[in-house]
Amino acid sequence: MSKCTIAALLLVAFGSAQAQNKPAPPPAWQQGRPASMADSKLAPHAGKNTETPASEIPIDKLKLPKGFKAEIWATGIPGGRAMARGDKGKIYVGTRIIGRVYEVTDHGDKRTARVLVDKLTQPAGVAFQDGSLYVMAIDKVLRYDGIEGNPNAQPVDLTKAFNLPPQQHHNWKYITFGPDKKLYVPFGGPCNICEPPPEYSQIRRYNPDGSGMEVIARGMRNSLGFDWHPKTGEFWFVDQGRDWMGDKGPQEELNRLSKHGQFFGFPYCHNNDIADPDFKKAKPCEGVTKPVALLGPHASALGTKFYSGDMFPAEYKNTLFVARKGSWNRTKKFGYDVVNVRVSADGKSAKVTPFLTGFLDAKEEKFWGRPAYLLQMPDGALLVSDEQLGAIYRISYSGGKKK
Amino acid sequence: MPARPYAGRRAALLAALLFSGAAAAQPTERCAPCHGPDGNSATPGIPSIAAQPKVFIENLLILVREGLRGSEAMKQVMKGMSDREIVALAAHYAKLPARAAAGKADPAMLERGRKAAARYRCGSCHLPDFRGREQIPRLAGQREEYLYDIMHSFRDAPPPGSDTLMSAALYGVSDADIRAMAHFLARR
């Protein structure tokens, strides 16, 4: 594995005619596979592009701490991932392969979904601010003004202003607006493990119109969840660890950005001082900002939200929830849950506790759902999207007072 | 030789067969004219769909219906088909046996294909007997010229809606190796 992999990947993007004369790099998800794992049959799990009716969702299998309840809130949104809530209560949901963005309307007793836009290349990023919906695909940025009131609103194409780089792998997005009203956008390393070109492995923020781009953090592999601490306003984010280093990790990280421009280690240094076996350099972990918490090996940490609502017991206030979609690059499946992280505002003494479980049957090594993203509702309930079954679940707390 | 020698012929064939397909009452009747009554295609350029993994068929057909993948003719066939119909079609064809109908093998090409498939680790995801699994298609017994076309397409012009994996897997693989792998896989 070398820098030529990156050059090679860039050549693919431009369809170079000379491509056939270059040695073949391994597929992005196989890069870094050691000889000992050459015959491994681990491969990413299949997604599901078809609708799953509520009657086929085993919601009763979900487990929560006492007093909490899970219910099916919306179905019929295949591939649904990140959710953004409009000012008037509509929920917008991004997807990857199926290329759609959904709009979910709450009618009180039930929810309906429609396809707002389709045929996009992995429009995973959705964000809402000042009456406008922002949609970010790998190669496109669209803004829908007044979409909640006008279902036929035509998008404004902002693609040029955002100047997105060409690589696709790990460049589907999670986007959200910060307290500064700027749009935060991750650009993952376009590989399992590589020395990325300069425009990747970073998190940027932009003005809503795409101007004023700043790189705020560097050295991440694939960061697809972040939020701001409710008390300090600091930016916290998860980052997914590399594959093909065995069942133990490196683990997913929870990181805290205490100063703009900090470097988080990819590809040389993982977790707490694990040097990368493929990309070596002297003192690989020098100058690297260490994670606040480790979130488990290959767990696919995605949705990341501080809880600021009043519905859950007071002990949950200002704690963090992280959805872990679940592993593929591991002989025993891991994750497939939502965890609660209690941690001090300066990132000390983090404690990770399972919160929502039951998607995985560890004995049978089978899963039925994959929790991906989280959204706190105005009443304090927590919505959890299930990318596998194209559904949204609502987690509420009544303390056992009422059902 | 053009990169995808059968592509034009396939489009013409599909267009010719489209009318009868779209008017059919049963979803399988839409498939049979091109893909064969039992899902084993006798038509050059048209893939066999028998014994393909159910999830693979489902996911691909949804992407075709969404207009992201497939020929124009296939997009027309899929227009308006519901998820439920697609799931039923996938279940139907996944259960039908594959009947390889490849012609006489060229021993040298077969051996080159066997070695190339091992070198590029096709069996890692497609499984060692190439029967596929879940979202990963069956390659064993697929039509040779179709395998050749689709591998070319992944290598040189990956279609929208495709995962990035197959393009990366075939990056830099020579035409001769693709031809040999198609020859070999069609005869598994």
For A:K63, residues with placed amide H under 5 Å, excluding near neighbours: A:T357, A:G358
For chain B, return all DSSP H helices satisfying: extent of Cα atoms along own axis at least 20 Å; mean Kyte-Doolittle hydropathy at least -1.0. B:7-22
Tell me, what HN-Hα J-couplings in whole Hz come from the Karplus equation 6.51 cos²θ - 1.76 cosθ + 1.60 at θ = phi - 60° for each residue of the stretch A:335-349, using x for Gly and Pro? x, 6, 7, 10, 10, 10, 10, 9, 7, 6, 5, 9, x, 8, 6
Which whole-Hz ³J(HN,Hα) couplings does the stretch A:269-278 yield from phi under the Karplus relation 6.51 cos²θ - 1.76 cosθ + 1.60, θ = phi - 60°, glycine and proline marked x? 9, 10, 6, 9, 6, 8, 6, 6, x, 9
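Please give me the summed charge of the neighbours of A:T121: other residues whose Cβ is under 15 Å from its Cβ, Lys and Arg +1, Asp and Glu -1.
With Lys, Arg at +1 and Asp, Glu at -1, the neighbours total +2.
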In the neighbourhood of A:L133 defined by beta carbon distances under 11 Å, the net charge of the other residues (Lys, Arg +1; Asp, Glu -1) is -2
Magnitude of the Cβ-charge dipole (Lys and Arg +1, Asp and Glu -1) of the protein assembly as shown about the Cα centre, nearest 20 debye, reported as 880 debye
If the viscosity is 0.692 mPa s and the temperature 37 °C, what translational diffusion coefficient in µm²/s does Stokes-Einstein give for chain A when Rh comes from Kirkwood over Cα pairs? 152 µm²/s
Among A:G80, A:S258, A:L116, whose Cα sits farthest toward the positive end of the charge dipole of chain A (+1 at Cβ of Lys/Arg, -1 at Cβ of Asp/Glu, about the Cα centre)? A:S258
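Read-outs: derived from the displayed coordinates by stated rules, not from any lab. Just so we're clear, the structure is a prediction, and the values are computed from it rather than from any experiment. All Cβ positions, even for glycine, are placed from backbone atoms using ideal geometry, and neighbour counts span all protein chains on display.
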